[in-house]
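For reference, the structure discussed in these notes is given below.
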Amino acid sequence: MKSINPKELSKKDNYKLLSGSVIPRPIAFVTSMNEHGTLNAAPFSFFNMVAGTPPLIVLSVGRIRGEIAKHTGKNILQNKEFVVHILDMDLLKK
């Protein structure tokens, strides 16, 4: 058995290890609105369910230098609302 120490890996290598370990990895298509009513839509591969009762999901919105840079994160924090769309193969093709 081989042990992997994430402290010894680069950020890129840790990402590859985690994203390759969870298979199949669900993709969430998340929509949110800003304060002007502009719709934002973005795919998120770091998404999963946490619990059924109460129904909880986890959506990881990355930060850049500690700041929330993505519109999705800013919109969710401001409006406390977003929609997760689960895509099927027909929608994926479109």
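Miscellaneous remarks
- Output for the range 45-94, where each listed residue is modelled with pLDDT under 85, of a type in the set (A, V, I, L, M) and not in a loop (DSSP other than H, G, I, E, B): Ile64, Ile68, Ile86, Met89, Leu91, Leu92
- Residues in the range 17-27 that are of a type outside the set (Val, Ile, Thr) and exposed (fewer than 12 other Cβ atoms within 10 Å of the Cβ): Gly20, Ser21, Pro24.
- Figure legend. Inter-residue proximity from the range 57-81: first residues touching a residue at least 24 places away in the same chain (Cβ under 8 Å), second residues of a type in the set (A, V, I, L, M, F, W, C) and part of a helix (DSSP H, G or I), beta-carbon distance below 9 Å, spacing 6+ or different chains. Indicated pairs: Leu59/Ile76.
- Here is the figure for the range 42-94: residues that are more than 27 Å from Lys11 (Cβ to Cβ) and of a type outside the set (A, V, I, L, M) total 13.
- Applying the criterion of being of a type outside the set (Val, Ile, Thr) and either under 20 Å from Tyr15 (Cα atoms) or surrounded by 12 or more Cβ atoms within 10 Å (Cβ to Cβ) (or both) to the residues of the range 28-41, the residue that is nearest to the chain's Cα centre (by Cα) is Ala28.
- Identity of the residue in the range 10-44, in contact with a strand residue (DSSP E or B) (Cβ under 7 Å, 6 or more places away or on another chain) and not in a strand (DSSP E or B), that ends up nearest to Thr72 (Cα to Cα): Asn34
The values are calculated or read from the model by the stated rules, or taken from the named source; none is laboratory data. Keep in mind that what you see is a predicted model, and the values were worked out from it rather than measured. For neighbour counting, all protein chains shown are included, and Cβ atoms are generated from backbone atoms with ideal geometry for every residue, glycine included.
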